[in-house]
Amino acid sequence: MMNAMVLVVTLGVGHSPAGAQESAFEERHERRTNFLVGKAHLMADVARQGAIRRLSRPACQQVLDEFTDSAGRALTTNLAAMGLSAAEALTALYLVDAGDAMQCRTNDGVVAFTTTRGRVIYVCGKHFVERATRRGNEIVLIHELLHTLGLGENPPTSSEITKAVSTRCG
């Protein structure tokens, strides 16, 4: 078990050889995928970085204005109260393997889930690897980020949230 932990931590904080600019970016966006292993860990890490790039675009950030929390506050208001950018908020979340969770076991369509205002995105590792695309995984992480900022569900439905994220961040 100790060898697996060392491998996970090593993969989770490695730097790209792309140069100083990329290293500085990675230092600002420390990866928190320590609880995923193997291919799921690598794919979640790539998806997080892709989602961060999408969130850097003004059009994608507008999705935060489209939804409100249960008190009627725009998600941008909640984000501002945290003193973080959308990319920083996503970076601050933990991605953990939830393959044994009921949500993952009973629904092949579930790739990830979280709780409203939670700090953890639970990833259905097998589904994340086998059933989703890179773009799809990025959209899923942004979708889950919205929940961590206070967005509930039903209403809006999961598909309505995903459609809005796809349209804005797509």
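The values are calculated or read from the model by the stated rules, or taken from the named source; none is laboratory data. Computed from a predicted model, the values in this text were never measured in an experiment. All Cβ positions, glycine included, derive from the backbone under ideal geometry; neighbour counts span all protein chains shown.
Those residues that are out of contact with any Lys or Arg (no Cβ under 8 Å at 6 or more places or on another chain), assigned to a helix (DSSP H, G or I) and among the β-branched types (Val, Ile, Thr), I need them from segment 61-99; list them, please.
Listed by number, the residues that qualify are THR76, THR77.
Return only the number of the condition from (1) among the hydrophobic types (A, V, I, L, M, F, W, C); (2) surrounded by fewer than 24 Cβ atoms within 10 Å (Cβ to Cβ); (3) modelled with pLDDT of 95 or more that ALA132 does not satisfy.
Failing condition for ALA132: (3).
When you look at ARG105, is it surrounded by fewer than 21 Cβ atoms within 10 Å (Cβ to Cβ), closer than 30 Å to ARG73 by Cβ and not aromatic (Phe, Trp, Tyr), yes or no?
Answer is no for this residue.
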